[in-house]
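Colleague: One structure, as structure tokens, below. Some questions next.
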Amino acid sequence: MENQDSSLKNLKTRTLSTTFLLSLVIGLLACSSNQNNFVPYVKVDQYISLVNYNNLLIPGNSMTFPGVGYAGVIVICVSDQNYYAYDACCPLEGTTTSIVETNPGKTGIIQSSNPIAICKVCGSQYILYNGGYPVKGPSTRNLKQYAVTVLDNRIWIHN
């Protein structure tokens, strides 16, 4: 009888331990801090001349460069010598046709003073200051952000 009670107790302990371990693993995977999972990786290594695109010297102005990154790159001047760059792909949709736009309907290299980018497919809106966070719509993921390095009269967008 004691042997049966001990075996039952061991079985309960192992089951509880396995359940806890499985829950921990699932929790860690679900809480991943990577917000860029839905935008495929594309090598980005782009220099942009601030002499040629001098509206990027004015805080609050942004420019969209198609053909860079996965679905184009949006660069915004936050303050003197401080820039952010994001992939123009909506992280909810994850396709090259689900582009977020600062100046809807325009094509080519686009300049804008609008700090909000809007997905033309799902309608999600993203603030381009401090991380490309969604502020409206169904998306809960940030825009994919690229590193920006300021070099004299150029900025280097890279990953």
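Colleague: Kindly indicate the residue of the stretch 59-86 that is of a type in the set (Gly, Ala, Ser) and under 22 Å from Asn130 (Cβ atoms) and also modelled with the lowest pLDDT among those meeting that condition.
Modeller: Our first condition is that a residue be of a type in the set (Gly, Ala, Ser); within the stretch 59-86, this holds for 60, 62, 67, 69, 71-72, 79, 85.
Still in the running and under 22 Å from Asn130 (Cβ atoms): 60, 62, 69, 71-72, 79, 85.
On the way: Gly60: 92, Ser62: 93, Gly69: 95, Ala71: 95, Gly72: 95, Ser79: 89, Ala85: 97.
This residue is Ser79.
Colleague: Within the stretch 100-128, track down each residue that is in contact with a strand residue (DSSP E or B) (Cβ under 7 Å, 6 or more places away or on another chain) and over 15 Å from Pro138 (Cα atoms).
Modeller: Taking the stretch 100-128 first, the residues in contact with a strand residue (DSSP E or B) (Cβ under 7 Å, 6 or more places away or on another chain) are 100-104, 109-112, 115-120, 124-128.
Those that are in contact with a strand residue (DSSP E or B) (Cβ under 7 Å, 6 or more places away or on another chain) and over 15 Å from Pro138 (Cα atoms): Glu101, Thr102, Asn103, Pro104, Ile109, Ile110, Gln111, Ser112, Pro115, Ile116, Leu128.
Colleague: Out of (1) within 18 Å of Val135 (Cβ to Cβ); (2) assigned to a helix (DSSP H, G or I), what's the single condition that is false for Leu56?
Modeller: (1)
The values are calculated or read from the model by the stated rules, or taken from the named source; none is laboratory data. Values in this document were obtained by computation on a predicted structure and should not be read as measured data. Heads up, the Cβs are rebuilt from the backbone with ideal geometry, glycines too, and the neighbour counts pull from every protein chain shown.
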